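All of the numbers you see were taken from the coordinates with simple rules; none came from a lab. None of these values were measured; they are calculated from a predicted model. Counting neighbours? That spans all protein chains shown, and the Cβs are built from the backbone with ideal geometry, glycine included.
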Amino acid sequence: MQSHARGHLVYAASGVLAVHTQYGTSIVPANRVAWTPAGFTHYHRAHGDTDMRIVFLAPSLARLLPDDPAVFRASGLAREVLLALTGPRNYDDDAPHYSRAARTRLLRVLVDELREAHEQPLHLPEPRDDRLQAIARMLREKPADNTTLAELGKSIGASNRTLSRLFRNELGMTFYEWRTQLRVYHALVLLAAGHDTIRTAYACGWANPSSFIAAFTHIIGTTPGRYRTGLQTTAHASRLPTAAASSG
């Protein structure tokens, strides 16, 4: 766990990142950018062959972004600016060398792009209630488990009605919405590891690939096959050392 004096943006040029804060887990695939304000305790977890890029923002730019952690859809322009600010760092003659003024202009463009983008969180809220925590542990260990909430409740001594109420009141979503988010998170990890759509669908608990594709596309904004192809393309084109940029 760590915190920083300046807020920062995290982007996975390839692979999948998860940002964990006190509010829960934000999932950051290659078409999202995560924002963590200054002072928020957090940690990052990378899945697969992840090329993680970090950009720290000065307070004058950070104040233009939300006061709480957020995840934004990465536009094509935002992605290119992030990559330009953080690489390549191989120090060859063709690598761009930006002046401080040029970097400041690029950072302003990046922040403007994010302000125009809609927040598109892939968020798994962290339960506080002991009963919800027990269910969360079971499903994280076995995301393909199709046990109903009522059956899970029997194993921990809580009724279906009580657990349904806790999910809505504490996590702001139904049990099935939470489990779907968890499964999509797990699917992103498997796709980043090179698994195909069919294998991933069954490993994450979907009855058939078509229902998995529909759920994945609704949440991520693209099909699993296209997402996996995009991962392979960006991983091949972006074999660079991890880098960090700062706005000073």
Simple spin-label estimate for Ser210/Arg45, 7 Å along Cα→Cβ, in nm, reads 3.4 nm
Gaussian network model of the chain, springs between alpha carbon atoms under 10 Å - residue of Pro29, Pro66, Pro127 with greatest fluctuation: Pro66
Could you give the Stokes-Einstein D for the stretch 5-74 in µm² per second, using the C-alpha Kirkwood radius, 4 °C, 1.567 mPa s? 108 µm²/s
Computed P(r) (all Cα pairs; the chain; 10 Å bins; percent): 7, 29, 32, 21, 8, 2, 0
Any chance you could run the full-extension gain for His118 through Ser75? It's 0.36 nm times the residue separation minus the Cα-Cα distance, nm to one decimal. 14.4 nm
If a paramagnetic tag sat 7 Å from the Cα of Ala58 along the Cα-Cβ line, which residues of the stretch 2-25 would have the backbone N under 12 Å from that point? none
Assigned charges on the beta-carbon of Lys, Arg, Asp, Glu; the chain dipole about Cα centre (debye): 240 debye
Check Ala74: other-chain or 5+ apart residues with amide H under 5 Å from its amide H, H built from backbone geometry? Arg32, Val33
Kirkwood Rh, Cα atoms: Rg over Rh of the stretch 128-186: 0.92
From phi via Karplus (6.51, -1.76, 1.60), per-residue ³J(HN,Hα) for the stretch 136-143 in Hz, x at Gly/Pro: 4, 4, 4, 6, 5, 6, 9, x
With the calculation restricted to Cα positions, what are the radius of gyration and Dmax of the stretch 127-231 in angstrom? 14.6, 44
